[in-house]
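So the structure is just underneath, and the comments pick up after that.
Values quoted throughout were computed directly from the atomic coordinates according to the rules given, and no laboratory measurement underlies them. This structure is a prediction, so every number in the text was calculated from the model and none was measured. As a convention, Cβ positions derive from the backbone with ideal geometry for all residues, glycine included, and neighbour counts pool all protein chains shown.
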Amino acid sequence: MLTINEINVFYGNIQALKGVSLEVNEGEIVTLIGANGAGKSTLLKTVSGLLKPKQGTIEFQGKTIAGKAAQTIVKAGISHVPEGRRVFSNMSVEENLDLGAYLRKDHKAVAEDKERIFKIFPILLERRKQLSGTLSGGEQQMLAMGRAIMARPKLLLLDEPSMGLAPLMVKTIFHTIEEIRKEGTTILLVEQNAHMALSIADRAYVIETGHVVLSGLAKDLQEAEQVKAAYLGGL
Ligand code: ATP
């Protein structure tokens with residue numbers, strides 16, 4: 001579904017991604033793990049069109065997307081939930097969800113999708129009229145994910161959805177990611193919480209200083225000494 005081939009991405013003179021190749025197949029949860037500054041967010045931003053690779057190719061469902069405008073990439077079926085759950089704090093929960101569907105003309109299906117999101121995240125239904133800025137961190141994460149789903153993506157890019165959340169909320173978020181996949185959305189997940197990410201993913205890539213250093217089935221990486229020592233707290 002998504003094929004990234006040998007991309008190099010720079011911030012000015014700083015090279016953040018060095019010949020990164022990666023594949024996501026339809027229906028998978030693929031996770032990208034790595035330390036702070038390894039290049040994980042840069043990779044998601046490059047897929048969603050916020051950054052452009054200097055070299056290399058990115059194909060989504062057989063079409064080139066590298067270098068295309070972010071809006072074109074959303075239309076092609078990719079939604080990005082950036083780090084730090086940016087919701088529009090002065091707008092209500094429902095208005096934030098509506099914004100997620102702004103490119104869609106199928107109003108009936110949009111209304112159905114909103115109901116579906118309220119089923120996945122019942123707390124958002126309870127708070128639908130509330131200003132988003134007054135939600136807890138976990139609720140804002142749910143809203144950011146809900147807003148991305150409103151675009152009916154085929155591929156959802158999630159950047160650190162568990163960051164800064166209490167353990168119970170982390171569990172809820174990961175459970176929801178599995179639910180979203182069951183409903184047919186493919187997921188590329190960036191996480192610092194390697195333990196949780198590997199437990200729900202099919203496959204994983206380990207990224208260090210801009211390089212993919214290891215990849216494979218998530219269950220195999222959970223057992224890999226290199227991963228255990230560096231990312232699973234020696235478990
Ligand atoms: P984190 O979890 O901290 O976001 P990450 O793996 O997502 O880590 P990136 O944010 O992709 O890492 O950063 C990769 C590298 O690019 C880092 O060395 C970082 O300092 C650098 N970088 C990121 N954003 C910029 C920017 N706007 N300008 C210059 N350098 C940047």
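Within 15 Å, Cβ to Cβ, of Leu165, how many net charges do the neighbouring residues add up to if Lys/Arg are +1 and Asp/Glu are -1? Kindly include the intermediate steps, with their values, before the conclusion.
Numbers: positive: Arg85, Lys171; negative: Glu83, Glu139, Asp159, Glu160, Glu191.
Net of charged neighbours comes to -3.
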| Over the Cα atoms of segment 84-172, how large are the radius of gyration and the largest Cα-Cα distance (Dmax), in Å? | 12.4, 38
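For segment 121-192, what is Rg from Cα atoms divided by 2.2 N^0.38 Å, rounded to two decimals? Display every interim value, and only then the final one.
On the way: Rg = 11.9 Å, N = 72, 2.2 N^0.38 = 11.2 Å.
The value comes to 1.07.
Given the C-alpha atoms of segment 116-235, compute the convex hull and give its volume per residue in Å³. The partial results should precede the final answer.
Working: hull volume 14.3 nm³, N = 120.
Per-residue hull volume (Cα only) is 119 Å³.
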| query | Roughly how many Å is it from the Cα centre of segment 173-218 to that of segment 127-154, as a whole number? | reply | 21 Å
| task | With only alpha-carbon atoms counted, please give the Rg and Dmax of segment 1-113, in Å. | result | 15.8, 48
| field | At q = 0.11 Å⁻¹, base-10 log of I(q)/I(0) for the chain (Debye sum, equal scatterers on each alpha carbon) | value | -0.54
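How large is the dipole of segment 24-71 about the Cα centre if only Lys and Arg carry +1 and Asp and Glu carry -1, each at its Cβ, rounded to the nearest 20 debye?
300 debye
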| Lys/Arg +1, Asp/Glu -1 at C-beta; the chain dipole; positive extreme among Ile187, Leu131, Ala197 | Leu131
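Size of the dipole of the chain about the Cα centre, Lys and Arg at +1 and Asp and Glu at -1 on the beta carbon, nothing else charged, in debye to 20? Mind dumping the intermediate values first?
Details: 28 positive and 26 negative charges, 144 e Å.
Using only the charged Cβ atoms, the result is roughly 700 debye.
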| query | Given the rule -39500 (n - 2.57) for each run of at least 4 DSSP H residues, summed and divided by the residues of the chain, what is its mean residue ellipticity at 222 nm, to the nearest 500 deg cm²/dmol? | reply | -11000 deg cm²/dmol
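Would you work out the charge dipole size for segment 107-235 about its Cα centre, treating the Cβ of every Lys and Arg as +1 and the Cβ of every Asp and Glu as -1, and quote it to the nearest 20 debye? Walk me through the numbers before you get to the answer.
Details: 16 positive and 16 negative charges, 131 e Å.
With only Lys, Arg, Asp and Glu charged at Cβ, the dipole is about 620 debye.
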| message | Compute a Gaussian network model of the chain, connecting alpha carbons closer than 10 Å, and tell me which residue from Val213, Val93, Val30 fluctuates the most. | response | Val213
| Listed residues Gly100, Gly137, Gly62, most fluctuating in the chain (Gaussian network, C-alpha, under 10 Å) | Gly62
| note | The base-10 log of I(q)/I(0) that the Debye equation returns for segment 6-51 at q = 0.24, 0.28, 0.32 Å⁻¹, one scatterer per C-alpha, is -0.98, -1.23, -1.37
| request: Pick out which of Leu155, Leu103, Leu51 has the largest mean-square fluctuation in a Gaussian network model of the chain, springs linking Cα atoms closer than 10 Å. | output: Leu103
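Take the Cα radius of gyration of segment 180-235 and divide it by 2.2 N^0.38 Å, with N its residue count; two decimals is plenty.
On the way: Rg = 11.6 Å, N = 56, 2.2 N^0.38 = 10.2 Å.
Against the empirical 2.2 N^0.38 Å value, I get 1.14 for segment 180-235.
Report the net charge of residues surrounding Gly77, where surrounding means a beta-carbon distance below 10 angstrom and charges are Lys +1, Arg +1, Asp -1, Glu -1.
Values: positive: Lys75, Arg152, Lys154; negative: none.
Spelling it out: positives minus negatives among the neighbours equals +3.
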